[in-house]
Amino acid sequence: FGPGSFMILEYLPLVPFGSMRPETQTALGEQLAAMHLSDAHQDLHQGRYGFPVSNFLSLTPLNNTWTPAGISQENAWVHFFGRRLKDQGNALLKDKAYGRRALDDREDEVLRSIEKVLKHLPELLEDAKPGVSLLHGDLWVGNLGAVQVGDKSTK
């Protein structure tokens, strides 16, 4: 990770705009739903939210630290989501290498709004009980591709 890093991938003969085809989008949705509902990674996450490593959404760091052991399942999602939201708010206070300057004192309304949301997060998420699952954190059209398989395009 970082300056000088690169990634080498296998060459795939991608179909131009193949990932935008309705049948490919349907297959992608079905595959993502299956991944999110799978318990294949139960040994890894052990009912906690997070991941073994932190990563980035574009150039924005994401803290994936596991929810603490011993926290109730009812509070685990609020804890994880709240921590991520607070981290994003704190990131607004720092200059970015890619051009976004830090918020200044005149713009602290954004941070006050985040603090209000954080204060009320337990009641806002009271009925939210998402299951623990492996998610793809940066899914957008630039991260999709489709190859020709038989007479169909598929992801």
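The values are calculated or read from the model by the stated rules, or taken from the named source; none is laboratory data. This is a predicted model, so every value here is computed, not measured. Please note: Cβ atoms are built from the backbone with ideal geometry, for glycine as well, and neighbour counts cover all protein chains shown. Just so you know, the surface numbers come from the protein's heavy atoms only, side chains and all, with ligands and any DNA or RNA stripped out. Shrake-Rupley method; radii C 1.70, N 1.55, O 1.52, S 1.80 Å.
To two decimal places, what compactness ratio does region 1-90 give when its Cα radius of gyration is scaled by 2.2 N^0.38 Å?
Cα-based Rg divided by the globular estimate yields 1.43.
For the chain, take the convex hull of the Cα atoms, compute a quarter of its surface area, and give me that in nm², please.
The orientation-averaged projected area of the Cα hull of the chain comes to 12.7 nm².
How big, in percent, is the set of alpha carbon pairs in region 42-99 lying more than 12 Å apart?
70
Report the accessible area of Met20, computed with a 1.4 Å probe over the heavy atoms of all protein chains in place, in Å² rounded to the nearest 10.
The accessible area comes out at roughly 110 Å².
Express the carbon and sulfur contribution to the solvent-accessible surface of region 36-113 as a percent, rounded to the nearest whole number, probe 1.4 angstrom.
56
Restricting to lysine pairs 8 or more places apart or on different chains, what number in the chain have Cα atoms under 18 Å apart?
Here the count comes out as 4.
Report, as a whole number in µm² per second, the diffusion coefficient that Stokes-Einstein gives for region 78-131 at 25 °C and 0.890 mPa s using the Kirkwood radius over alpha carbon pairs.
198
In vacuum, with every alpha carbon of region 1-44 counted as one equal point scatterer, what does the Debye formula give for log10 I(q)/I(0) at q = 0.26 Å⁻¹? Two decimals, please.
Log10 of I(q)/I(0), two decimals: -0.87.
Calculate the spin-label point distance for Leu14 paired with Gln42, positioning each point 7 Å from the Cα along the beta-carbon direction, and give it in nanometres.
3.6
Using 0.36 nm times the number of residues separating Ala27 and Ala128, minus their current alpha carbon distance, what extension gain do you get? Display every interim value, and only then the final one.
Details: separation 101, 0.36 × 101 = 36.36 nm, distance 2.68 nm.
Roughly 33.7 nm would be gained on extension.
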